[in-house]
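Single-structure report; data block below.
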Amino acid sequence: MASRDRSLPIFDLEIDLARAASAGDFARLVIEAPTGSGKSTQVPQMLLDSGSCGDGEIVVLEPRRLAARMLARRVAWERGGEVGGEIGCQIRFENRTSRSTRIRYVTEGILLRQLLQDPNLTGVSAVVFDEFHERHFYGDVSLARCVDVQETRRPDLKLVVMSATLQVEALNAYLGPDTTHLISDGRMYPVEIEYCPPKERHGDAVWDHVLRTLHGYYKDHGVDGHALVFLPGTHEIRKTVDLLRRASWTKGFAIHSLYGELSPQVQDAAVGPSATPKIVVATNVAETSITIDGVRLVIDSGLERRSDFDVRRGISTLTIEKISRASADQRAGRAGRTGPGRCLRLWSEGDHAAREAATRAEIHRMDLSEAVLVLKAGGIEDVRGFHWFEAPEPAALEKAHAALKTLGAIDEETEALTPLGRDLSRLPLAPRYARVLLEAARHGYLEFFAVTAAATQSRSLFPPRKRRSSDLELVDFMEPTDGSDFQALYRAWSSAKGAGFHFDTCVRMGINVNAAREIDKVARQFADIVWPLTDVPDQDSVPDAETIGRILLTGFSDRVCARLSEATLACAIVDGRRGMLEKASVAARKDVQLFLVGEMVEVEGRDVTVRLSLATRIEENWLREQFPHDIQERAGAAWDDSTRRVVARQEKRFRDLVLESRQRGEVPREQAAEILAEQVAAGNLVLKKWDPEVEQWIARVNTLASFFPEYEIARIGDEERRLILTQVCDGAMGYKDIKERPVRPVLREWLPPHQSGLIERLAPERVQISKDRSVKVTYDPAGGKPKIAVLIQHLFGIKTTPTISDGRIPLVVEILAPNSRPCQTTEDLAGFWAGSYAGVRAQLRGRYPKHAWPEPDEV
DNA sequence: GAGCACTGC
């Protein structure tokens, strides 16, 4: 028989909640309650039973699909019904609701999309935000929208925000003085916390520290229950598990890894009941998404891989960061769910006190173009002045607006949503991909692009590589004539679909069946939305490489890359950015000069690299022709206007690219390079030292430079001899600065703000530059060598190879050469490093007096 | 030496 557990701590609030609700005077309610208090199942029922919600629906927002499903099932059971009746559940691709549904558990994105369809939330009388402290992007935006709806159109709408302690003050401030505030205690066992920082003399890796701490603890206290170890990622987990399995004292323990990319079966094995004591080595999945019964001991490395968005470069990053105090408490709490527990933190108490209280919300760490588009489509004209719960950084908003202008989604001047923007907002997808899908549909290639776009949004089609050599990879699906990595991706997915998503067949191909199925569903959703907008029938064939490249350009014009030389995978990206191309890519072939990339993430692993993947070859004349022209004819009049705007925008963009990067004024070296270039052009300077690489550069650079004819003429003058110099000569001008100052203050000026944490943790003490153009970096060994690559990259704009012997890194001189005749010979370039430096220096001194320009003989 | 956390429309 169904029943509710009335001993749950949340029932302490029942009377207060009923009183607030029946008095009819609560429009906004904040409930402070930790996990395990029963709030997610009981509060919605209390609201319903109080009768204060009339005939309307109570919508409960959950951050995870699994939670929405389980809660609906539990509550339906408690009320003696089935999911789909009085209690419903709606997540992507699954809608179990009916006319009689009164409580609807949904995932956060569902409500956001519903708000676009129906800005008044007709028929909804209350919205409950569960686990709001997790501060997901969709939850944040949904709350802000709901507050707006309540204030402007629906004063009767009730808003309930349930959160752990941390956010409560901010919430009360945001929601205003009339907010009712209720507090409930959780039910948790005490967890004793111990700080175990690494000892000075060890200075070893995390995994060694984990093993020593765990072994020491078991020796002193014996084994009681399971242990859970938190590490930042799979690399660290693999190392730790290997060491644990090899250690003699772990006999009789079951040892498991646990992270999100593992299949559900393997995850279940790690989580399931076990007769022998378990050691589970996990990432953040075990912090919120997955609970493991019987854990009594938590070992916390205090680290996580955290995504961020570097607004200045427009690049997503994934770096290893110290977790916040709130996260640390959450992790520790995992030891106290079944009985009193203990948590060993592998850092010091001083370190702990210095950590941030809570992790910055997702909205501060992502590309906001989708958010801005969704708000505009929802009728919020002034997104900058919007009543955010926490306003995003202005620079991030500017970047998002600029990106939407490039796509033609908002008007260049008024910033109002264009008809094209309206169409883009209908797609649950990053706007740039949405743009590509619309373009693809006009050419009759919707399916190919819907599938490939879906593949970039969901779990990896190829699961983490196993040791078995029989597994295939994406490369195995490539053809020699391919011009895009998306072709292999599509082929891989097609073969899974061709096999009817048959499990064994897919496993043999190395393909994750669930991912392939999900891609199928997502792609179909995209197609269903785009189809009515274009009405061009899909062609029978898949697009050829040129068509793919041209279509992708409409959404990825800011992601054009060129290889720097055939010898390396290092690439230049428009806007003066740098990256490293993935090895298994069509763009890694010798004949590819220009390409665009679907993915661009700065990843911290053994070193820190901007990884470029999902490349598609393009040709410069496609850019010149500004591809959209040719669709205008096909697409008809309705599209003309917005398309023309896109074209204009793109043309301007390519002209402005270089100018922008200069104007950002990152460091004076940019200007120094400019002056040097002028000097060379005027014949005052000659190249003294010939670098054999220069010739290779010229070919690449000619291609890139050809995008910017106006720029060259405008900036360098009409001299026939033109030379664009970037990067190093510049570094050379700033040498003395770096040489004589401890490097930290320099870094503080130069590193992007979100990476300033690097300075304290890992900055080298000094950087020295010798006359032979090699850089010697003396650094704190605890900082680790991967960081050096980052430092060099930021200091000099140079990508170094990760292998560093004896601390010396060759400083590569990059000379971006011209396409005019005289400069293409070695003689012309020779002698650049000549003694005429003195003249330049005098000029530089005038323009940038605060820099101590070195004497000529020091250079 | 071995490729990168977690969600979600």
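Read-outs: derived from the displayed coordinates by stated rules, not from any lab. Because the structure is predicted, anything quoted here is derived from the model rather than measured. Reconstructed Cβ throughout: ideal geometry from the backbone, glycine too, with neighbour counts over all protein chains shown.
Quick notes on this structure:
- Cross-link table A:K251/A:K278; A:K376/A:K521; A:K219/A:K251; A:K39/A:K278; A:K376/A:K405; A:K497/A:K521, entries beyond 20 Å C-alpha to C-alpha: A:K376/A:K521; A:K39/A:K278
- FRET efficiency, A:R589 to A:D242 (Cβ-Cβ, R0 51 Å, nearest 0.05): 0.90
- Distance from the alpha carbon centroid of the range A:508-536 to that of the range A:188-255 works out to 43 angstrom.
- Placing unit charges on the Cβ atoms only, positive for Lys and Arg and negative for Asp and Glu, gives the range A:191-359 a dipole magnitude near 300 debye about its Cα centre.
- Burial ordering of A:I15, A:I292, A:I87, fewest other beta-carbon atoms within 10 Å first: A:I15, A:I292, A:I87
- Separation in nanometres of the label points that stand 7 Å from Cα toward Cβ, at A:R19 and A:T568: 7.0
- Using the Cβ-Cβ distance between A:K251 and A:E620 with R0 = 60 Å, the FRET efficiency computed as 1/(1 + (r/R0)^6) comes to roughly 0.40.
- Estimated FRET transfer efficiency when R0 is 45 angstrom, pair A:D156-A:W531 (beta carbons, to 0.05): 0.75
- Label sites at A:T122 and A:R64, each approximated as a point 7 angstrom past Cα along Cα to Cβ, lie 3.6 nm apart.
- Within the range A:591-623: backbone nitrogen closer than 20 Å to the A:S495 label point (7 Å, Cα to C-beta): A:614-615
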